[in-house]
Amino acid sequence: MTLPTFVVIGAMKAGTVSLRRYLDEHPDIFVHRHDPARHAAGRRGPFFDEPNFFVAEDNWRRGREWYESLFDGADQSAAVGECSPSYSWAHTYRGVPERMARLIPEARLVYVVRDPIARMQSMYIHQVSAGRERRRPEVALLDDRYLGPSLYGFQLAAFLDHFDPSQVLVVASEVLRDRPREALSAVFDHLAVDPTAVDLDKQRRDHRSMDKPIPRLHDLEWLPRRQVKLNPRWRPDQRTGLARLLTTRRGRVDDSAIPRELHDRLAERLAGDLRRFEQLLGHEVPSHWRWSTSPST
């Protein structure tokens, strides 16, 4: 049976789906197949499945045999892996790095990060489209559930407690988007496969939050803003046909826009963790990542 030699651990809304597509295109890389039971139940298409195996609250209970079954067909692939952004939710899901280190201690990890505040805004649109968020962004983004996945220092430290730094590659979403050759060369080198086997200059922007359907009622200022959890068939991103046309619209930049004052407030909350992240990286966040995490002066 086959176990992965690498895992893409997140972060959520940082380009992990685009990276997955690049990995799928490489002839020497096998990325997990979908879970047939999940697919048969209509829970997402095969491409967007996330194993979430090392999350105790999700699929850990299914056991090793189930996890190995996701890699049937890997044969003699040079690199075998999976992508689950929930693995870098240490603020919510405890014990993921420990379980991973016990089962696949030699695995290579890829951590895709993004401007922390931009990531939070993208996550907000994602949650609105999934029917899990009705508050305005200036209220919702103060919630710790949006902040947690952007605490890259905290998340990375959890893995470095169990994996050697040489096993972990940090990739900036902005570089993957704008200069894919640079980012992919690093990823393929980390996975020990030939980078010339794919087109390194192809730019992807897959699974963007801005491409998701937003409820038209979200525009109404008087709409009650209590949190609700919709039945899956009523989720905006699950509606089809006329219902989707009449009740949703495409996302816009201003759907997640926040005032400068709030941006600065979030930057201040992130500042300590950002310094920790840079210490773990061994250098400051490069200017070419173009992160806007400093409060205005």
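The values are calculated or read from the model by the stated rules, or taken from the named source; none is laboratory data. Quantities reported herein were computed from a predicted structural model and do not represent experimental measurements. For neighbour counting, all protein chains shown are included, and Cβ atoms are generated from backbone atoms with ideal geometry for every residue, glycine included. Side chains are part of the model used for accessible areas, which takes the heavy atoms of the whole protein and leaves out ligands, DNA and RNA. Shrake-Rupley method; radii C 1.70, N 1.55, O 1.52, S 1.80 Å.
Details
- Within the accessible area of the stretch 11-162 (1.4 Å probe), percent carbon and sulfur: 47 percent
- THR248 long-range amide H proximity, modeled H, under 5 Å: ARG216
- With θ taken as phi - 60° and the Karplus curve 6.51 cos²θ - 1.76 cosθ + 1.60 applied, the whole-hertz 3J(HN,Hα) list for the stretch 80-90 is 10, x, 8, 10, 9, x, 5, 5, 9, 10, 4 Hz, x standing for glycine and proline.
- Amide H within-cut-off set for LYS212, under 5 Å, with H built and near neighbours excluded: GLY251
- Restricting the stretch 66-109 to trypsin sites (Lys or Arg not before Pro) that sit in a DSSP loop and have at most 15 other Cβ atoms within 10 Å of their own Cβ leaves ARG94.
- Accessible area of ARG33 in the full protein assembly, 1.4 Å probe (Å², nearest 10): 80 Å²
- In terms of accessible area, using a 1.4 Å probe and ignoring ligands and nucleic acids, GLU68, GLU278 rank largest first as GLU278, GLU68.
- For VAL113, the residues whose modelled amide H falls within less than 5 Å of its own, excluding neighbours fewer than 5 places apart on the same chain, are ALA11, VAL171, ALA172, SER173.
- Per-pair calculated FRET efficiency, R0 = 22 Å: ARG179 and ALA78 via Cβ, rounded to 0.05: 0.35
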